[in-house]
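Note sheet for the following structure.
The values are calculated or read from the model by the stated rules, or taken from the named source; none is laboratory data. Quick caveat: nothing in here was measured; it's all calculated off a predicted structure. Counting neighbours? That spans all protein chains shown, and the Cβs are built from the backbone with ideal geometry, glycine included. Remember, those area values only see protein heavy atoms, side chains included, never the ligands or the DNA or RNA. Shrake-Rupley method; radii C 1.70, N 1.55, O 1.52, S 1.80 Å.
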Amino acid sequence: ASKQAQLMEVLKKEVRAMLIAAKAGLTPEQLEEQYMDMVCKPLPLQDLGFKSTLELVTQMPEVVRVCSKNGTLILKAIADDTTKGIAKLVANQKVKTRAKAWKKTATKANAASPTKNSKTPQSFPLSARTPVLPATVKADLQDLLSSSPLLLVDLDKAFLRRFGRAFQYRQYGFLSVSEALRSVSDFIVVEQTKAGSLLVLRKYLTNEIEQEQVPQACAAEMPPLEPICETESFNQAALPVNSEPVEAQAVDLGDHLKQLQGFEPFPPTPEIPPDAVQDRSLCSLPPLKRRCLVGVIVEFIVSPSQFYIHICSRETSYKLQDLMFEMRHVYSHKVASDKYIMPESAVRPGQLCCVMVSRWWYRVVIHRVINDQEVEVFYADYGQLQIVRKSWLRFLKWHYLKLPAQAIPCSLAWVKPVQGTWSSAATLLFKHLCRFKELVGIVDEYVNGVLYLFLCDTSTKEDVYFHTVLKDMGYADVCGENLPSQEFKELNPSALYVRPSEKQENAEVVEPEPCLQ
């Protein structure tokens, strides 16, 4: 009993210290996470005889005040004589919300955006932006919770057991698991139970998964094809012109017996499903308005003059995430997967299909056939080229054509390499600047279908403009104009395989919604 009392007194001091440092308070799951980060072990609930964090803090009335804000339980510290001074300092800190910061930025955007008449783009304050989880990691979380809810304390073990790797939220810029989970609050809910914080997939998504059956071609997603007769392959009219009538052909008795026993001398040619994409291509996203600000994530980099971005907006990011999750669910069924196996005749350059890599399915276009076993494909939603095995390919269902290709080919605006080509050091620096961050892109113009934009990192105290960093390091010259990218001149898979959107063909532009995650 005395050991429990001592442990409780130490715990009270630790909890008070953590809550005082959090001006807005902490939710129970945030307290659990911060305690783990600070002490490197979970809250000692079982040692003290408690079943949940909420039950624990209710036994600390002199330390913790439990409040409710918009239906969420918030824990706030009750300062004692020794901590009142610290609490007062924390209370006097100024906090700027992202919404206010973005609003301030938006009003300055047109006046402060780069113009062709100035030698270098003008810097202007931009709002600090939150980190984001990649679409594949979001889909992993959806997959993990699709079968049943999961306790927060079990998340790391379950993630490692399911995917063979840890949930490395810190490498994406998050300080805690709770912060990472808040970024996906659109599909994951954290509920407080007696056993602790429970992660639950939102009911609408769970219901959709439960109701989903083994996929079959439905009329709504089929292209306008002629009906296929099941006995077509046995129709004598379908024989080649030079074929003899069946009665006149010699029949080998051995082959006939093998067929009767279920052994065919030659495997039948697989029938292509009517909803398989064969002669279609993905369309691109509509062009962005010049000088607009947009949240972006750089997905793939060849050099500062050749890279691909994703736009950070709810309309695009969440749709790609949902698409990948649905494709994984559909193609994971062996019946469906076998149905969409591609015959050798369909494995040709320019064919839109999908490929499985690390248990996820991606929309790709075959760029070239390497040999009998391998092909090089272009990832329409991510930008890179990669060599994969032919056996990993499947026909893309017609339904998955709807979402435009998400990878936008880009070049950094107004810069050129000092020595004619980008050095490996310059490209490495550019990759480091872009790594796992949501950046602010300032749209300049399109040249030959390539988007030229300025990139700025606003997560630090001072805004960091990437063209300025490359110039200051001696890797780039600021030229005040956009020179056509030599890399994209040599090869631009997007221009080859992705058709312009209807809005782009009509010279229309769209303004993306601000990303206020």
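For segment 52-159, which fully contained helices (runs of 4 or more DSSP H) count at least 1 residues that are polar (S, T, N, Q), at pLDDT 80 or above and within 25 Å of the chain's Cα centre (by Cα)? Working first, answer last.
Working: elements: 53-57, 84-91, 98-112, 135-145.
Answer list for segment 52-159: 135-145.
Report, by residue number, each residue of segment 430-456 that is in contact with a Cys (Cβ under 8 Å, 6 or more places away or on another chain) and among the hydrophobic types (A, V, I, L, M, F, W, C).
The answer is Leu439, Val440, Ile442, Val443, Val450, Leu451, Leu453, Leu455.
Could you check segment 477-517 and list, in sequence order, the residues that are assigned to a strand (DSSP E or B), modelled with pLDDT under 90 and in the same structural domain as Leu385 (by the TED database)? Explain how you work it out, then say what you get.
Residues of segment 477-517 assigned to a strand (DSSP E or B): 477-478, 499, 510.
Now drop any that are not modelled with pLDDT under 90, which leaves 510.
None - no residue of segment 477-517 is assigned to a strand (DSSP E or B), modelled with pLDDT under 90 and in the same structural domain as Leu385 (by the TED database), so the list stays empty.
So that you can scan it fast, the table gives a plain yes or no per residue for (1) within 27 Å of the chain's Cα centre (by Cα); (2) of a type in the set (Gly, Ala, Ser):
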{"position": "Leu428", "(1), (2)": "yes, no"}
{"position": "Cys434", "(1), (2)": "yes, no"}
{"position": "Lys437", "(1), (2)": "yes, no"}
{"position": "Val443", "(1), (2)": "yes, no"}
{"position": "Asp463", "(1), (2)": "yes, no"}
{"position": "His467", "(1), (2)": "yes, no"}
{"position": "Met473", "(1), (2)": "no, no"}
{"position": "Ala476", "(1), (2)": "no, yes"}
{"position": "Glu481", "(1), (2)": "no, no"}
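Name the pairs: first residue in segment 482-494 and of a type in the set (S, T, N, Q), second residue open to solvent by 80 Å² or more (accessible area, probe 1.4 Å), Cβ to Cβ under 8 Å, at least 6 apart or on different chains?
From segment 482-494, the pairs are Gln486/Thr421; Asn492/Asn448.
Hey, which of the strands (runs of 3 or more DSSP E) in segment 290-398, taking only ones fully inside, have at least 1 residues that are out of contact with any Gly (no Cβ under 7 Å at 6 or more places or on another chain) and either open to solvent by 60 Å² or more (accessible area, probe 1.4 Å) or more than 24 Å from Phe436 (Cβ to Cβ) (or both)? Talk me through it step by step, then tell me what you get.
Details: elements: 293-303, 306-311, 352-357, 360-369, 374-379, 385-389, 393-395.
It comes to 293-303, 352-357, 360-369, 374-379, 385-389, 393-395.
Which residues, counting only those in segment 160-191, are assigned to a helix (DSSP H, G or I) and touching a strand residue (DSSP E or B) at 6+ places or on another chain (Cβ under 9 Å)? Lay out the reasoning, then the answer.
Our first condition is that a residue be assigned to a helix (DSSP H, G or I); within segment 160-191, this holds for 160-163, 169-172, 177-182.
Across segment 160-191, the qualifying residues are Ser178, Leu181, Arg182.
Looking only at segment 454-476, how many residues end up being in a strand (DSSP E or B) and touching a residue at least 60 places away in the same chain (Cβ under 8 Å)? Give the steps one after another, and end with the answer.
Within segment 454-476, the first condition is being in a strand (DSSP E or B), and the residues that meet it are 454-457, 464-465, 476.
Restricting the remaining residues to those that are touching a residue at least 60 places away in the same chain (Cβ under 8 Å) gives 454-456, 465, 476.
Qualifying residue count, segment 454-476: 5.
Modelled with pLDDT of 95 or more and under 24 Å from Phe488 (Cα atoms): does that describe Cys292?
Details: modelled with pLDDT of 95 or more: no; under 24 Å from Phe488 (Cα atoms): yes.
Answer is no for this residue.
Is it fair to say Phe325 is more than 27 Å from Leu144 (Cβ to Cβ) and aromatic (Phe, Trp, Tyr)?
Numbers: more than 27 Å from Leu144 (Cβ to Cβ): no; aromatic (Phe, Trp, Tyr): yes.
So Phe325 fails the test.
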